[in-house]
Amino acid sequence: MINKEQREQIERIKSRADKKIWVTFQKEGIHCYPAAATDSMLATGDEYDVSFLATPHRHIFHFRVWIEVFHDDRDIEFIQFKRWLENLYKDNVLALNYKSCEMISDDLYLQIAARYPDRAIWIEVSEDGENGALIRYETSVPTLSMEL
């Protein structure tokens, strides 16, 4: 049995909880990294050579998007959120083109932040579910103080 003090503590913890929902979706895309053909750090000629990335190639891009919610009762309904995100690519609002996973994430963030302002958003984009990036766009960014 939970006593009154414990219940109040639980309610305080719940009220300060960092709440996010997340959705996943996939998008087929053609992708390349033109600099891979000429950058000596990439076109190494040995087992670490990735110059082949300069040629356009297909990926299934996997997305996982977290967005901050402010209450427990479907602040953002995740099926609707997922369908809206998928339609950004279907309706050509966004395009994958030759962008890195980080660039794709940044483009997607701008669309989400315009529709859902002042919310923390985390976006994970991967190539074929194997390699990718996770970027956390936080609403509260610490300010830097500089002493003169």
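The values are calculated or read from the model by the stated rules, or taken from the named source; none is laboratory data. Only a predicted model underlies this, so the values are computations on that prediction, with no experimental measurement involved. When we count neighbours, we look across all protein chains shown, and the Cβ atoms used for this are built from the backbone with ideal geometry, even at glycine.
Before moving on, here are some points about what is shown:
- Qualifying positions in segment 97-130 - farther than 15 Å from F63 by Cβ, among the hydroxyl-bearing types (S, T, Y) and in contact (Cβ under 8 Å) with a residue 60 or more places away in the chain: Y98
- Filtered residues of segment 68-77 (kept if surrounded by 11 or more Cβ atoms within 10 Å (Cβ to Cβ) and modelled with pLDDT under 95): R74
- Verdict on L96 being touching a strand residue (DSSP E or B) at 6+ places or on another chain (Cβ under 8 Å), modelled with pLDDT of 95 or more and not hydroxyl-bearing (S, T, Y): no
Here's the yes/no breakdown for (1) more than 17 Å from the chain's Cα centre (by Cα); (2) among the β-branched types (V, I, T):
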residue	(1), (2)
I60	no, yes
W66	no, no
F70	yes, no
D91	yes, no
C101	no, no
A114	no, no
I121	no, yes
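- Tabulated pairs, segment 131-148, first among the polar types (S, T, N, Q), second at pLDDT 55 or above, C-beta under 6 angstrom, 6+ apart or interchain: T139/D118; T139/A120
- Qualifying positions in segment 1-33 - closer than 22 Å to H71 by Cα and among the polar types (S, T, N, Q): Q6, Q9, S15, T24
- Scanning segment 28-55 for residues that are exposed (fewer than 11 other Cβ atoms within 10 Å of the Cβ) and either modelled with pLDDT of 95 or more or in contact with a Cys (Cβ under 6 Å, 6 or more places away or on another chain) (or both) yields T38, S40, M41, G45, D46, E47, Y48.
- Long-range neighbours under 7 Å by Cβ, at least six apart or interchain, first residue at negative phi within segment 11-24, second acidic (D, E): K19/E68; K20/E68
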